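Everything below concerns the one structure shown next.
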Amino acid sequence: MSISMIASVSLAVWGVFLYNQTVNLRYEIADYEKAIQQAEVSNAELKNNLYQIIDSKNFEAFSGSSGLVLDKNPEFVKTQSLAANN
């Protein structure tokens, strides 16, 4: 066998290896894209649920059913800062 024959066979094997790696990488990328799309859909559903929970209309219904009363003149607790105000 000559060196050129060995080199051409080696190049052919190397080319097949690179092609297989490229195809595998493309499949992995497609899988990751699907996972990202599923995560985006799940995130949108969670946001929708959160917005429904914190909607003011739902809060009023919840407060009424829970016996909560709206305080017209609330008093808030104030804390003093530990740092000296200069």
Worksheet item: Is at least one residue of region 46-66 surrounded by fewer than 10 Cβ atoms within 10 Å (Cβ to Cβ) and more than 38 Å from the chain's Cα centre (by Cα)?
Response: no
Worksheet item: When both residues are 6+ apart or on different chains and their Cβ atoms are under 8 Å apart, which pairs have a first residue that lies in region 37-56 and is on the phi < 0 side of the Ramachandran plot, and a second that is assigned to a helix (DSSP H, G or I)?
Response: 52/58
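Taken together, the values in this text are just the output of simple stated rules run on the coordinates, not laboratory data. Since this is a predicted model, take the numbers as computed values, not measurements. No Cβ is skipped: glycine too gets one built from the backbone with ideal geometry, and neighbour counts run over all protein chains shown.
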